[in-house]
Amino acid sequence: MILDDLDSRPGSTTSLLRTVVGLYVRDLGGAVAVADLVELLGALDVPPVGARGAVSRAKAKRLLAPETVDGRAGYRLAPGAGRMLEQGDRRIFAYRQQGEDDPWCLVSYSLPEERRAVRHQLRRHLAWIGAGTVADGLWIAPGHLVDEVEEILAALDVRGAATVFVAGRPRVAGAFADVAARWWDLDRIAALHRAFLARHEAFGAGQGTVPDGAASAAEDASPRAAFARWVRAVDDWRPIPYADPGLPPSALPSDWPGTASVARFDGLRADLEAGARDHVRAVAGR
């Protein structure tokens, strides 16, 4: 199993390349020519040398594997990458909020000091999928993340050192929102949502800000412009549904910005996705 890329920074060339691959290579039959990737990244203001460097890093990350495509140098999705991308699709395009009566997933583990590096990786990956820390060696997540928890434990070869519980709502002293604010960094998650809203404010309404390197709809309604806007929107959004596990309303502050952020992303998708796909197919000749 390939775990998702925890290190790529949204907006970086590496992250943009990964977003383009995740969005479109499967639609192109699982393979794409290097020249086409370079042209697609050019619409995002990435120079050819930077694009080729990002492709090399994607190969090193086991996302892409070399393959000739229509007689040209190219890449195919590496074995195992498809499953990771499908899992990412569920997070990115099907944001799920836990209901008040839905089950929770708790993970208890104990790893000896000689496995400290693995213990660090386990904590890092649990945090990446949106789990919260109840205590040292005890993490909590919405029940709908239990399969992702199991995959992390298996991928890091620590399943025998962990116990996974699927349980009812935690009983806490005081307000659940107060406890949730200790288990999760809700201020950080809220800041991610607000930053997304600010960066993609009022798209299509003739006002608001426009992300760097992408023209507004009023300036350019072409498929190429839709592609640039949509890829940047997905790239900005992609980390958010990992950081935000979809806690129930009782666990969140009253001014939670996540609802508006999810709606904004869905609106961008409705406006831009089809035109962006047309641009990719024109570039790739499919």
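Taken together, the values in this text are just the output of simple stated rules run on the coordinates, not laboratory data. If you're wondering where the values come from, they're calculated on a predicted model, not measured in any experiment. We place every Cβ from the backbone using ideal geometry, glycine too, and count neighbours over all the protein chains shown.
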Inset, instruction - Please turn the phi angles of the range 224-236 into ³J(HN,Hα) values with the Karplus equation 6.51 cos²θ - 1.76 cosθ + 1.60 (θ = phi - 60°), one per residue in order, whole Hz, x for glycine and proline. - result: 4, 5, 4, 4, 4, 5, 5, 4, 5, 5, 5, 5, 5
Inset, instruction - Find which of PRO103, PRO223, GLY267 sits farthest along the positive direction of the dipole of the chain, computed with +1 on the beta-carbon of Lys and Arg, -1 on that of Asp and Glu, about the Cα centre. - result: PRO223
Legend entry - Karplus-derived HN-Hα couplings along the range 115-129 (A = 6.51, B = -1.76, C = 1.60, θ = phi - 60°), whole Hz, x at Gly and Pro: 10, 4, 5, 5, 4, 5, 5, 4, 4, 5, 6, 5, 5, 4, 8
Inset, instruction - Enumerate the amide H contacts of GLY130 below 5 Å, restricted to partners 5 or more residues apart or on another chain; note that Pro and chain-start residues carry no placed amide H. - result: none
Legend entry - Summed residue charge, Cβ within 14 Å of ARG286's Cβ, Lys/Arg positive, Asp/Glu negative: -1
Inset, instruction - Can you bin the chain into rounded, prolate or oblate? Criterion: square roots of the alpha carbon gyration tensor eigenvalues sorted a ≥ b ≥ c, rounded for a/c under 1.5, prolate for a/b above b/c, oblate for the rest. - result: oblate
Inset, instruction - Would you mind checking which residues have amide H under 5 Å from ALA162's amide H? H placed 1.01 Å from N; only 5 or more apart, or other chain. - result: none
Legend entry - Three-way shape call for the range 1-128 based on the alpha-carbon gyration tensor, with the a/c threshold at 1.5: prolate
Inset, instruction - Counting helices only, and only those DSSP H runs with n ≥ 4, report the 222 nm mean residue ellipticity of the chain as the sum of -39,500 (n - 2.57) divided by its residues, in deg cm²/dmol to the nearest 500. - result: -15000 deg cm²/dmol
Legend entry - trypsin sites (Lys or Arg not before Pro) within the range 146-206: DSSP coil, no more than 14 neighbouring Cβ in 10 Å: ARG171
